[in-house]
Amino acid sequence: MSSERPVNPRFAEDMWFQEAPDGPQRYQDWTDKPVRYFTVVDKQGGAVLGYVWACDEDEAAAYEPRQAAGPRAVNEGGFWIRRLRNAKERGLRPFQALAEFSADPDPAGKGRPLPGSLTDAPNAAAVKAIAQEA
């Protein structure tokens, strides 16, 4: 009798993920059209964690973590992604979701919208570039 445990051959198989047709409603996560966005700051220290952007024309919205803010900014993304998903499920247009989020001074996550930071950008890539800056 061997002391080695048998290895399940399925561990070596490739995994394929397919989106379910009736999965959760989501905004598109990319657009090359003009967007509006606001800055998300840490509630405690005020450090910039990332940016939430939206585009009504392409029904798109997403959270971009600020690279220089590290893991805390990335972790904050889960909260904003859930809020965006919830807004889509409630039938809000992306700009309506941004307005609702901007009006909430104390959301449940670690970050909050920076008052007065709602502004325009030429597209999602421009917001991503801002998030990549140091």
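The values are calculated or read from the model by the stated rules, or taken from the named source; none is laboratory data. All values reported here derive from a predicted model rather than from experimental measurement. Don't worry about glycine lacking a Cβ; one is built from the backbone with ideal geometry, like all the others, and counts go over all protein chains shown. The area values use the complete protein model at the heavy-atom level, side chains included, leaving out ligands, DNA and RNA. Shrake-Rupley method; radii C 1.70, N 1.55, O 1.52, S 1.80 Å.
Quick notes on this one:
- Figure legend. Inter-residue proximity from the stretch 113-134: first residues over 18 Å from A97 (Cβ atoms) and of a type in the set (D, E, K, R), second residues at pLDDT 95 or above and open to solvent by less than 50 Å² (accessible area, probe 1.4 Å), beta-carbon distance below 7 Å, spacing 6+ or different chains. Indicated pairs: K128/E64.
- When L84, L92 are checked against the criterion of being buried (at least 16 other Cβ atoms within 10 Å of the Cβ) and without any contact (Cβ under 8 Å) to a residue 24 or more places away in the chain, L92 stands alone in meeting it.
- Qualifying residue in the stretch 42-57 (condition: open to solvent by 40 Å² or more (accessible area, probe 1.4 Å), touching an Asp or Glu at 6+ places or on another chain (Cβ under 7 Å), modelled with pLDDT of 95 or more and closer than 17 Å to P122 by Cα): no
- One residue stands out among those in the stretch 100-118 that are surrounded by 16 or more Cβ atoms within 10 Å (Cβ to Cβ) and assigned to a helix (DSSP H, G or I): the one that is modelled with the lowest pLDDT, which is S102.
- Count of the stretch 16-61 residues which are of a type outside the set (S, T, N, Q) and outside any loop (DSSP other than H, G, I, E, B): 17
- Candidates P34, P24, P6 - the one that is open to solvent by 100 Å² or more (accessible area, probe 1.4 Å) and not hydroxyl-bearing (S, T, Y): P6
- The stretch 65-99: number of residues that are over 13 Å from the mean Cα position of the chain (by Cα), under 18 Å from E133 (Cβ atoms), of a type in the set (G, A, S) and assigned to a helix (DSSP H, G or I): 2
- Candidate set from the stretch 1-41 (those that are among the polar types (S, T, N, Q) and in contact (Cβ under 8 Å) with a residue 24 or more places away in the chain); member that is nearest to P115 (Cα to Cα): T39
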